[in-house]
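> Before we start, here is the structure in question, set down as structure tokens.
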Amino acid sequence: MNGLATALTLFCLTATAQTSIPDEELAEIVVTAPEARYVAPTTRDRIGRVWVPVTVDGKGPFRLVLDTGAQHSAVTLATAAQLGIPLDRYPHVLVHGATGSSIEPAIAVGNLQVGDLMLQPATMPVVADVFGGAEGLLGTEGMQEHRIYMDFRHDIISITRSKNRSAPEGFSTVHFLPDSLHLLVVRADVGTVPVRAIFDTGAQATVGNTALLEALRRHHTRNQIAGTDHVQGATGEWQTGAGVVLPSIRLGSLTVSNAHVTFADLHIFERWGFTEQPALVIGMDLIGLVDELVIDYHRQELQIKPRPLAPSHTERFQLFPPT
């Protein structure tokens, strides 16, 4: 990929109600989840993101990207039009995406239904169609006591109430780190550099901040530059970053080798408070390499089943227990 420009898409979205109050004091949009059962087949797009069928106020289902990096669900303008909800009926919201922020219209809906899981009520930002064919995002509000299971080989997802089960045999466990924004943050190591890693199923690719790049330059002399990458966020802005091939990323007992990572000063790193310490957004280019993934919000842990290695396997990246 030397010398090539690569386009990446990251949907790390938060939203706050837009009023005359300063940004830092705006009230958060809240989605609650009184029900706890859901199981249904899903599809994945060409970059591996999980598309979930979601019914909104009985209409649909609409294809929303399951986004563990988004605190709020959102829909596109076309989806809002299909729902028949006027955009001038509700206050606008301040939307923070990976590469910038913008003030967008919002709609209020009575419920979001994913199989048997009911999320209600919901105020959803209406954003530009930058989702690559999906009709919006399904965020993580209302998932605090739930368990999300993803089987990437068979394209199956289930969302159930957590039963506090430990990881089954063949899975590796990675615990969440405390985070005031309720992001899915885990401890990782890039080479010898400890980092905070945010698991983001809505992101096409893995992105590091400049604090991590500077730390790697101090501790490692060999990091292969792989070209220039262009990153687009949910609010539509584009940002340029440097592509680097890293020797290893470790998550608990698991290791990713020779991963292509984009380094950029993304807006969302500042929004999340990850500008001074090394941080990494782990996207679907790496998440999609595993066989099965469990996100147990009640237990505050990831349970990861790595894909078995075969001698003839041609994939560039693999997630596997280190030897």
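The values are calculated or read from the model by the stated rules, or taken from the named source; none is laboratory data. Since the structure is predicted, the reported quantities are computational estimates derived from the model, not experimental observations. Glycine gets a Cβ as well: all are built from the backbone with ideal geometry, and neighbour counts include every protein chain shown. Please note that ligands, DNA and RNA were not included when accessible areas were found on the heavy atoms of the full protein model with its side chains. Shrake-Rupley method; radii C 1.70, N 1.55, O 1.52, S 1.80 Å.
> For region 56-161, what does the convex hull of the Cα positions come to per residue, in cubic angstrom? Intermediate results must be reported in sequence, preceding the final value.
Numbers: hull volume 11.9 nm³, N = 106.
Per residue, the Cα convex hull of region 56-161 comes to 113 Å³.
> Would you tell me the accessible area of residue 59, worked out with a 1.4 angstrom probe on the heavy atoms of the protein chains, in Å² to the nearest 10?
Approximately 90 Å² of residue 59 is accessible to the 1.4 Å probe.
> Given 0.36 nm per residue, what is the gain on full extension from residue 298 to residue 258 after removing their alpha carbon distance, in nm? Working shown, then result.
Details: separation 40, 0.36 × 40 = 14.40 nm, distance 3.26 nm.
Roughly 11.1 nm would be gained on extension.
> Give me a comma-separated list of calculated 3J(HN,Hα) values for region 258-275, in order, Karplus coefficients 6.51, -1.76, 1.60 applied at θ = phi - 60°, integers in Hz, x for any Gly or Pro.
6, 7, 7, 10, 8, 10, 7, 7, 6, 4, 5, 4, 5, 4, 7, x, 10, 9
> Residues of region 133-152 with backbone nitrogen within less than 16 Å of a virtual label 7 Å along the Cα-to-Cβ line of residue 82, please, listed as ranges.
Only 133-138 fall inside the zone, counting backbone N under 16 Å.
> Ok, one more. Could you tell me the calculated FRET efficiency between residue 218 and residue 144, based on Cβ-Cβ distance and R0 = 35 angstrom, to the nearest 0.05? Don't skip to the answer; put the middle values down first.
Numbers: r = 38 Å, r/R0 = 1.09.
Here the calculated transfer efficiency is 0.40.
> Is the C-alpha gyration tensor of region 134-179 telling us rounded, prolate or oblate? Criteria: a/c under 1.5 is rounded; beyond that, a/b larger than b/c is prolate, otherwise oblate.
Working: a/c = 1.78, a/b = 1.19, b/c = 1.49.
Here region 134-179 falls in the oblate category.
> Also, quick follow-up: Normalise the Debye intensity by I(0) for region 174-219, one equal point scatterer per Cα, no solvent, then take log10 at q = 0.13, 0.27, 0.28, 0.29 Å⁻¹ and round to two decimals.
Result of the Debye calculation: -0.33, -1.09, -1.12, -1.14.
> Quick one: which residues, 5+ away or cross-chain, put their amide H under 5 Å from the amide H of residue 107? H built at 1.01 Å from N.
Sorted by chain and number, the residues that satisfy this are 124, 126.
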